[in-house]
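In what follows, a structure is listed as structure tokens, so that the remarks can point back to it.
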Amino acid sequence: MQPPFYFPDIIDEELLRNDRSIFADIGADIEDALTRDQVAGLRISDVGNCALQQWAKCHNEFTMPRDPTTQWSRLMAGSLFGALLGRIFKAAMDRREVDCLLEREVAIDGIPGHIDVTLPEYKHVYELKSNYNLGPKKPSFSHWLQAGMYIDALDGDYTASVVLIQPTIAGTRPRLYEYPCEDVAEIIEQSRRESLRLRRASGAIVPPEPDVSKDEAWRCASCQYGRCGQNKNPLKGKVFLEPVAA
Ligand code: SF4
């Protein structure tokens, strides 16, 4: 069920306490967040990947490292914000004696993943996502698919929210938004289709056709598969002598 509180309010309330002891364990959280997804193979966080990109990831066919600028300014920054807000939220839940799990490990159809925040008592999960646009943004379809795979992995009787962390929004507008999932059954059904698409792409013997959608064209700017003609990664064309990690 949807918990009787709003994620952004809980963060504000906890920070107003100014209790810095809540950050005692954050070093390990950050290290975990920055190193967790460095394994090859299909993961729940791959939802929305282009079929060809996913195939290349699972067949050690990446020809380029991740672009360092994209890494620190987007992917790593998102991991840091997620670890920070997860820890603050957990501290507030601990005060309320509400069980709160960070980075709970789950698997669905053999695909492993970690849920950012789980509240078993409310059967609710939070997926934390960062957006660095100057204006607010609603969750993307991929965000919902990822949340759907997590609640399906928890036997489907959970609810979910996507929390958008938007630190660069100008002015006095909120920079943290919670979007509760309005149709859990629908999102689970869609996520099952996505799981099938990803498993097909990952296991394909020959490279599948790219199927990146217009809304997700940004993926081509950070894609590590340089043999695709649509690749716009700034590192394209450079030669890398060392093996390239996923
Ligand atoms: S460059 Fe774009 S279209 Fe090509 S494999 Fe990568 S994500 Fe897919």
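The values are calculated or read from the model by the stated rules, or taken from the named source; none is laboratory data. Note that the structure is predicted; figures quoted are calculated from it, not measured. For neighbour counting, all protein chains shown are included, and Cβ atoms are generated from backbone atoms with ideal geometry for every residue, glycine included. These area figures cover heavy atoms from the full protein model, side chains too; ligands, DNA and RNA do not enter into them. Shrake-Rupley method; radii C 1.70, N 1.55, O 1.52, S 1.80 Å.
Here are some notes:
- Contact map, region 130-141: residues that are farther than 14 Å from ARG173 by Cα paired with residues that are of a type in the set (Asp, Glu), Cβ distance under 8 Å, separation 6+ or inter-chain. Pairs shown: SER140/ASP215; SER140/GLU216; PHE141/ASP215.
- First in region 214-225 and more than 18 Å from THR63 (Cα to Cα), second anywhere and more than 8 Å from the ligand (Cβ to nearest atom), Cβ under 8 Å, 6 or more apart: ASP215/SER140; ASP215/PHE141; GLU216/GLY48; GLU216/SER140; GLU216/SER142
- Filtered by the rule that a residue be over 18 Å from the mean Cα position of the chain (by Cα) and within 15 Å of THR118 (Cβ to Cβ), region 72-91 gives a lone residue, LYS90.
- Residue count for region 1-23, restricted to those that are of a type in the set (A, V, I, L, M) and either under 14 Å from GLY86 (Cβ atoms) or surrounded by 15 or more Cβ atoms within 10 Å (Cβ to Cβ) (or both): 4
- Criterion (modelled with pLDDT of 95 or more and open to solvent by 10 Å² or more (accessible area, probe 1.4 Å)) met by exactly one of LEU134, LEU128, LEU164, LEU119: LEU128
- Counting only residues that are surrounded by 15 or more Cβ atoms within 10 Å (Cβ to Cβ) and either over 30 Å from ASP94 (Cα atoms) or of a type in the set (A, V, I, L, M, F, W, C) (or both), region 24-58 holds 19 of them.
- Residue within region 73-88 that is over 24 Å from LEU164 (Cβ atoms) and surrounded by fewer than 16 Cβ atoms within 10 Å (Cβ to Cβ) present: no
- Residue match in region 8-30 (condition: in a helix (DSSP H, G or I), touching a strand residue (DSSP E or B) at 6+ places or on another chain (Cβ under 8 Å) and more than 30 Å from ASN233 (Cα to Cα)): yes
- Residue selected from region 204-218 under the condition farther than 24 Å from LEU34 by Cα and surrounded by 13 or more Cβ atoms within 10 Å (Cβ to Cβ), by the criterion farthest from the ligand (Cβ to nearest atom): ALA204
- Candidate set from region 22-55 (those that are at pLDDT below 95 and among the small types (Gly, Ala, Ser)); member that is farthest from the ligand (Cβ to nearest atom): ALA24
- Residue check for THR70: within 16 Å of the ligand (Cβ to nearest atom), surrounded by fewer than 21 Cβ atoms within 10 Å (Cβ to Cβ) and β-branched (Val, Ile, Thr): yes
- Positions within region 219-246 being within 18 Å of the chain's Cα centre (by Cα) and more than 9 Å from the ligand (Cβ to nearest atom), in sequence order: ALA246
- SER45 being in contact with an Asp or Glu (Cβ under 8 Å, 6 or more places away or on another chain) and either outside any loop (DSSP other than H, G, I, E, B) or not aromatic (Phe, Trp, Tyr) (or both): yes
- Region 133-143, residues that are within 21 Å of PHE89 (Cα to Cα) and out of contact with any Phe, Trp or Tyr (no Cβ under 7 Å at 6 or more places or on another chain): HIS143
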